[in-house]
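K.L.:
Questions regarding the structure given below will be posed in turn.
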Amino acid sequence: MREVPFADIDVDDDIDIPAFLLPHPEEEEEREAPQRAIVLPPSGTGVRRHRRRQQRRDTRHRTLGLVLLAVAVVGALVLVVAHPWRSGSPSSAPRPAAASRHVPLPSSAVLVQQDGQGAATGITLLVANPASGGGHVVFVPTATMTELPAFGLDGVGKALGFGGPSLLQVTLENLLGVPLPSAVIVGDAQLTAFVQPAGPLDVDVPTQVEQTDAGGNVNVLWDQGPSTLAPTDVPRFLNVRGQGNDLSRLARHQTFWTAWLAKVAHDPSVVNGLPPDLARVVRQLATGSVSYQTLPVEAVDAGSGSDEVYRVRQTDLDQLMGQLLPGVSPARIRVQILNGTGAIEASPRVTKRLVPAGARVVLSGNADSFAYAQTQIVFYDRSQQQAAERIRQALGTGRLVLSRQPLDVVDVTVVVGKDFNG
């Protein structure tokens, strides 16, 4: 069984400690160097008995002094930890263990548009309020950079092309921090069929939509202002970039959903052709006030000629998810997953287990070897042991290991071994 390099003594007591984790023999000799011998006087004089008594008194005094010193140190530490005037940077404070996120979003659905190359061109999260009607519609920019388990950092929309619906599902759940219903993935023809029963849609185009052809000619597809969309126009209306950035395109998504939900409110039967769960959520949204939001992101300069790239504003995302799922702490355990088995699906399967436990996978890759027999859950500070134990319980296997080398970008590293069967 392989061990994690640079690891400290395992916190499981029944594990044989590898030799490279043990202190160096020279260090043991330094710590256990014998004290200088005491030459005793001849017996019969009473001096030896007197010296033994004196040594016992000295030992008691030293012990009492050490106890008093320990009490003083503990008291000082309590004052430092418990009072606001303590020193130290905020980043060095222990991260709280995240609350469980086993509860999925209430009455929710995910609708994904797919292009001819297999990538996602639109991701819409629908969260209805079954009690009062209405709810939230959240648009996720497909160029939002996030960790695609086993593939690294990339746009969330590329997960569909890289690993199909399962990878997209686990990527979205890891990004948002909650379990989600299976995404409904549609191409242009199926999207047209979804909206066909509603007939023409009256939309308010937020900005003029232009497209430049191969010859450099600019064609105006839709003028700014009121317009009417035929069902066959909907896929192009939602997908075409135009002259603006991707966030401008998502503004058109909002005007489409506003028009479609208005039709559903007038005649709920127009969504009978949708998958049952999606139809139920759409009907609930149409019966009340709807809040439209774009996933909180900011543009990142990817260099001249590069594709658009967006970075998540994590604090704002935590606040948004708090609105959608009240009562769940935004604190999440930052996790790195290293594949120690070579199994292709190891990282996505581990991520699927960890998200409901309050984890966020921020890094993934291969371990130094594919010969790990046992999963190892490495943490970097004693204050993170509780979080590491939560990860172990979520995986149902593994052992905790305290690393000798600190790592600030994650709280826990999971080295997946062959014992993981998730």
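K.L.:
Within the range 274-301, can you find the residues that are touching a residue at least 24 places away in the same chain (Cβ under 8 Å), small (Gly, Ala, Ser) and surrounded by 13 or more Cβ atoms within 10 Å (Cβ to Cβ)?
P.N.:
Matches in the range 274-301: 286, 288, 299.
K.L.:
Check whether at least one residue in the range 159-177 is aliphatic (A, V, I, L, M), under 25 Å from residue 350 (Cβ atoms) and in a strand (DSSP E or B), and report yes or no.
P.N.:
no
K.L.:
Over 21 Å from residue 139 (Cα atoms), open to solvent by 30 Å² or more (accessible area, probe 1.4 Å), of a type in the set (A, V, I, L, M) and outside any strand (DSSP E or B): which single residue out of 251, 262, 214 fits that description?
P.N.:
Among 251, 262, 214, only 214 is over 21 Å from residue 139 (Cα atoms), open to solvent by 30 Å² or more (accessible area, probe 1.4 Å), of a type in the set (A, V, I, L, M) and outside any strand (DSSP E or B).
K.L.:
Is it the case that residue 363 is aliphatic (A, V, I, L, M), at pLDDT 95 or above and open to solvent by 60 Å² or more (accessible area, probe 1.4 Å)?
P.N.:
yes
K.L.:
If you go through the range 383-406 one residue at a time, do you hit one that is open to solvent by 20 Å² or more (accessible area, probe 1.4 Å), of a type in the set (D, E, K, R) and under 13 Å from the mean Cα position of the chain (by Cα)?
P.N.:
no
The values are calculated or read from the model by the stated rules, or taken from the named source; none is laboratory data. Just so it is clear, the structure is predicted and the values come from calculations on it, not from any experiment. For neighbour counting, all protein chains shown are included, and Cβ atoms are generated from backbone atoms with ideal geometry for every residue, glycine included. The area values use the complete protein model at the heavy-atom level, side chains included, leaving out ligands, DNA and RNA. Shrake-Rupley method; radii C 1.70, N 1.55, O 1.52, S 1.80 Å.
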